[in-house]
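The values are calculated or read from the model by the stated rules, or taken from the named source; none is laboratory data. Remember, it's a predicted structure, so these values are computed and weren't measured experimentally. Positions of Cβ are generated from backbone atoms using ideal geometry, with glycine treated the same way; all protein chains shown enter the neighbour counts.
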Amino acid sequence: MRTFKKYAPMQIAKYVSAFFKGNFYIQGIGMFSFDGGKVIIDPSYEIPKRKIVSEINMSIASFSKAY
């Protein structure tokens, strides 16, 4: 599990795509899980966390299209 001190979508996207399965924590926001190279949206997440998950997954998609 990695802890990110600030929210940086591209940095998190690179981490998620490299490890495929696991957890990470963003200080001040909370814990997230990922599987299969994408961040999983937990039903208990509130709207701000859902937006963060969506933005990270979009970054992963754009990152993988570049290669």
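Every residue in segment 36-46 that is closer than 12 Å to residue 16 by Cβ and under 10 Å from the mean Cα position of the chain (by Cα), please.
Restricting attention to segment 36-46, the residues satisfying the condition of being closer than 12 Å to residue 16 by Cβ are 36-40.
37, 38, 39, 40 - these are the residues of segment 36-46 that are closer than 12 Å to residue 16 by Cβ and under 10 Å from the mean Cα position of the chain (by Cα).
Can you tell me which residues in segment 27-47 are aromatic (Phe, Trp, Tyr) and at pLDDT below 95?
Keep residues of segment 27-47 that are aromatic (Phe, Trp, Tyr), which gives 32, 34, 45.
Hit for segment 27-47 is 45, nothing else.
Limited to segment 5-26, what total is found for residues that are β-branched (Val, Ile, Thr) and either at pLDDT below 95 or under 15 Å from residue 60 (Cα atoms) (or both)?
Residues of segment 5-26 β-branched (Val, Ile, Thr): 12, 16, 26.
Narrowing the set further to residues that are either at pLDDT below 95 or under 15 Å from residue 60 (Cα atoms) (or both) leaves 12, 16.
Qualifying residue count for the region: 2.
Please count how many residues of segment 13-36 are surrounded by fewer than 15 Cβ atoms within 10 Å (Cβ to Cβ), touching a strand residue (DSSP E or B) at 6+ places or on another chain (Cβ under 6 Å) and closer than 11 Å to residue 3 by Cα.
The total comes to 3.
Checking the condition among the polar types (S, T, N, Q) and touching a helix residue (DSSP H, G or I) at 6+ places or on another chain (Cβ under 7 Å), which residue from 54, 33, 64 passes?
Values: 54 fails: touching a helix residue (DSSP H, G or I) at 6+ places or on another chain (Cβ under 7 Å); 33 fails: touching a helix residue (DSSP H, G or I) at 6+ places or on another chain (Cβ under 7 Å).
Step by step, each of 54, 33, 64 is checked, and only 64 is among the polar types (S, T, N, Q) and touching a helix residue (DSSP H, G or I) at 6+ places or on another chain (Cβ under 7 Å).
Can you run down the residue pairs with Cβ atoms below 7 Å, 6 or more apart or on separate chains, where the first is in segment 1-26 and touching a residue at least 24 places away in the same chain (Cβ under 8 Å) and the partner is in a strand (DSSP E or B) and among the small types (Gly, Ala, Ser)?
What qualifies is 1/22.
Checking residue 49 against (1) basic (Lys, Arg); (2) under 9 Å from the mean Cα position of the chain (by Cα); (3) under 19 Å from residue 5 (Cα atoms): exactly one of these is not met. Which one?
Only one criterion in (1) basic (Lys, Arg); (2) under 9 Å from the mean Cα position of the chain (by Cα); (3) under 19 Å from residue 5 (Cα atoms) is unmet by residue 49, namely (2).
Just name the residue that is surrounded by the fewest Cβ atoms within 10 Å (Cβ to Cβ) out of those in segment 37-53 that are closer than 17 Å to residue 10 by Cα and touching a residue at least 12 places away in the same chain (Cβ under 8 Å).
Step one: of segment 37-53, the residues closer than 17 Å to residue 10 by Cα are 37-40, 49-53.
Add one more test, that the residue is touching a residue at least 12 places away in the same chain (Cβ under 8 Å), and what stays is 37-40, 49, 52-53.
On the way: 37: 16, 38: 16, 39: 22, 40: 13, 49: 18, 52: 20, 53: 19.
Among residues in segment 37-53 that are closer than 17 Å to residue 10 by Cα and touching a residue at least 12 places away in the same chain (Cβ under 8 Å), the one surrounded by the fewest Cβ atoms within 10 Å (Cβ to Cβ) is 40.
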